[in-house]
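Here's the structure, in structure tokens; my notes come after.
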Amino acid sequence: MQIISERTLRRIDRAVENGKIIPFLAVATLAIALVAGIAANFLSPEGFDSLGDALWWAAQTVTTVGYGDVVPESTGGRFIGILIMVFGVASVSLITALVTSSFITYQQRRSGGELERHQELLEALARIEQRLDTPDR
């Protein structure tokens, strides 16, 4: 079962190579923080003094740098907190994986000729071994 199509993977790879993935992830993270802050303020109005406090808490949480100075007190607010923490950790993991994948792909492309030459040498050695193993006639 493939979760992401090959076409989508190619688009993501191009976005990483071009550096366009970073602004996209920044905007997506900002959007998640805004939605989560508004939802937390709505679901836990007594947990935050203002919408600004809820947005500050959401931004801290989604970026995984939460200081614990602002915390939701209701079940709804904490549920939103769990969702935003999971998203924050997943986004950091995704960014790390995408950047690492991009570096590996670059190195593989760069050493592509070397790999082909290495394969040719291995095949030549196999032929030589085979000739050495067969008795002379």
Hull surface over four for the Cα convex hull of segment 7-79, reported in nm², is 5.7
Just the number please: accessible area per residue for the chain, 1.4 Å probe, all protein chains included, in Å². 76
Ignoring ligands, DNA and RNA, please state the percent of accessible area on the chain from carbon and sulfur, probe 1.4 Å. 63
Calculated from backbone phi, Karplus (6.51, -1.76, 1.60) coupling profile of segment 20-27 in Hz, x at Gly/Pro: 7, 6, 5, x, 4, 5, 5, 5
Using 7 Å Cα-to-Cβ label points, what is the Thr8/Leu121 separation (nm, one decimal)? 4.1
Expressed as an acute angle from 0 to 90° and rounded to the nearest 10, what is the orientation of the C-alpha long axis of helix 51-62 relative to the principal long axis of the chain? 20
Between helix 112-133 and the chain, what is the angle of the helix's C-alpha long axis to the longest principal axis, kept within 0 to 90° and rounded to the nearest 10? 40
Given an 8 Å cut-off on Cα distances and at least 6 residues of separation, report the relative contact order of the chain as a percent. 20
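The values are calculated or read from the model by the stated rules, or taken from the named source; none is laboratory data. These figures come from a predicted structure and were not determined experimentally. All Cβ positions, glycine included, derive from the backbone under ideal geometry; neighbour counts span all protein chains shown. In case anyone asks, the SASA skips ligands and DNA or RNA and just uses the protein heavy atoms, side chains included. Shrake-Rupley method; radii C 1.70, N 1.55, O 1.52, S 1.80 Å.
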